[in-house]
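Asks: Supplied in structure tokens, the structure appears directly below.
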């Protein structure tokens, strides 16, 4: 908790007390039978500041500057969980009150000053050690501490499985740097001229130890799914986000009865949590946002869990169909409002795997053999036309029209999951519905001057026309090699269908992709 007394008031109080004590001591001495001031001058005194002797007959200002400079550029060691870090006292916020130090040195040079008289009475014959009047630049030290906090803080991580080698990986405790307590510790270390200070760190134990997963089995693939992503340089940040999100889930062991909360495991999509800016879907449009690409991880995982037959507790479709995954198998996530949650209703642990490499995201659910077959059945019941609008753009020559965002029709979809117990010859059918709103087609319309000679207009949105089979059935499980598919293209699965439906009059520059 933040200290009740602000730190700058505590520092001001210490400075006031330092001066008040000197004055009070001098006043008390004046009432005592102290030796005459002339007698004090007969006894020279050695004066030091921060261990350095002061030439009382020399230039006190220059000496104060030199002492302060040397002190602020000496190092103090920050003792962190990742090892010691040497910093100058200046870099951790130490500041010197030069005027105050000069005043102390002048008093020490004046044999008749209250300081000298009190020292002669109480510490005759001993060196006079002057304190360094230090202050703390709280803003600077907080900036440094927050950087260290970003570097050192980590949530607890449960014991998990290395899905590449199938080795068990030990649990790791979480830790959090207490910046306010560390700020006070640094201030105390600076005033005491300590050579090191330990960061104040609290720890949080992991929920699951390596011993608790020692009997995990990966005998069979219960469900799996693959999606593809671009490996072009222009999509580098999105691919990076895929790897970050996948690494938070890969190797997770879900015990019987346990639930996985995607947002809780992956964490907030921000730069402090390791994510980069990449395109995301917002209100049906592609815009840049932190963590773009995370939905491909949640969608691929959702599909694998779907085919594993595990209960899906929370899942939402996107506001527009995604080209990387089949319509009806996607799962939109947005921290903290949209989430994917599922549970393990088996009587054995399951292991979740997520790999991102070579342009492919692969999600896998492993466990003991269960003798089940799971089918995903999708039927498109209706489509909704998209709107078109134009936006004036003075940066384009007059008469030029560029497709900024290709329109995508809306879809009303029925989905079923059919789980067959091969050994008991029983099946459970679950029906679901999805609605994908239409995505507006947006044109940029040039309102600038005439096009210069040899002008080449910007490229249109390179997304192809969105096509999806009117009927799709996919099956995985016992007795199926990989994924078996039954597809009927219907009206929505053939290239050019949006023109034939009257949704648009042009597919210029578009390809086709079947989902």
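Each value in this text was obtained by applying a stated rule to the coordinates, not by laboratory testing. As the structure is a computational prediction, the values presented were derived from the model and not from experiment. Note that each Cβ is placed from the backbone with ideal geometry, even for glycine, and that neighbours are counted across all protein chains shown.
Asks: Quick one: length gained pulling residue 194 to residue 247 fully straight, 0.36 nm per residue minus the C-alpha distance?
Replies: 15.0 nm
Asks: Quick check on the stretch 229-387: of the DSSP beta bridges with both residues there, what percent are antiparallel, nearest 5%?
Replies: Bridges in the stretch 229-387 are about 100 percent antiparallel.
Asks: Please compute the modelled spin-label separation between residue 220 and residue 66, points set 7 Å along Cα→Cβ, answer in nm with one decimal.
Replies: With each label placed 7 Å out from Cα toward Cβ, I get 8.4 nm.
Asks: Once the piece of chain linking residue 143 and residue 98 is laid out straight, how much longer is it, given 0.36 nm per residue of separation minus the C-alpha distance between them?
Replies: Value of the extension gain: 13.8 nm.
Asks: Kindly provide log₁₀ I(q)/I(0) values, in the same order as q = 0.14 Å⁻¹, from the Debye equation applied to equal alpha-carbon scatterers of the stretch 89-198.
Replies: The computed values of log10 I(q)/I(0) come out as -0.76.
Asks: A further question follows. Cut-off 20 Å, label point 7 angstrom out along Cα-to-Cβ of residue 77: give me the residues of the stretch 176-194 whose amide nitrogen falls inside.
Replies: In the stretch 176-194, the label zone of residue 77 (backbone N under 20 Å from the point 7 Å along Cα→Cβ) covers 182-183, 185-194.
Asks: Using only Cα atoms, find the angle between the long axis of helix 98-109 and the longest principal axis of the chain, and express it within 0 to 90 degrees, rounded to the nearest 10.
Replies: The angle comes out near 20 degrees.
Asks: Highest first, please rank the peptides 397-406, 307-316 by the mean number of other Cβ atoms sitting within 10 Å of their residues.
Replies: Sorting 397-406, 307-316 by mean packing, highest first, produces 307-316, 397-406.
Asks: Rounded to the nearest 0.05, what FRET efficiency do residue 392 and residue 337 give with R0 = 45 Å and r taken as the Cβ-Cβ distance? Could you check?
Replies: In this case the efficiency is close to 0.85.
Asks: Let me ask something else about it. Any chance you could check the Cα centroid distance between the stretch 301-337 and the stretch 434-498 for me, in angstrom?
Replies: 19 Å
Asks: Between Rg and the Kirkwood Rh of the stretch 180-255, both from Cα atoms, what is the Rg to Rh ratio?
Replies: Using only Cα positions, Rg/Rh for the stretch 180-255 is 1.25.
Asks: Computed FRET efficiency, Cβ-Cβ of residue 500 and residue 154, R0 45 Å: what is it to the nearest 0.05?
Replies: E between residue 500 and residue 154, to the nearest 0.05, is 0.25.
Asks: Using alpha carbons only, how many degrees (0 to 90, rounded to 10) separate the axis of helix 179-191 from the longest principal axis of the chain?
Replies: That helix lies at roughly 20 degrees to the long axis.
Asks: So, one more: I'm a student and want to see the number: the projected area of the Cα convex hull of the chain, averaged over all directions, in nm².
Replies: The Cα convex hull of the chain, projected and averaged over all directions, gives 37.2 nm².
Asks: Across all directions of projection, what mean area in square nanometres is found for the Cα convex hull of the stretch 371-515?
Replies: 10.9 nm²
Asks: Multiply the residue gap between residue 48 and residue 347 by 0.36 nm, knock off their C-alpha separation, and tell me the result in nm, one decimal place.
Replies: Fully extending the segment from residue 48 to residue 347 adds 100.1 nm.
Asks: Spin-label point model (7 Å from Cα, Cβ direction): what's the residue 368 to residue 167 distance in nm?
Replies: Result for the modelled spin labels: 2.7 nm.
Asks: Applying a 10 Å radius around every beta-carbon, put 144-151, 54-61, 438-445 in order of their mean neighbour count, most first.
Replies: Packing proxy ranking, top to bottom: 438-445, 144-151, 54-61.
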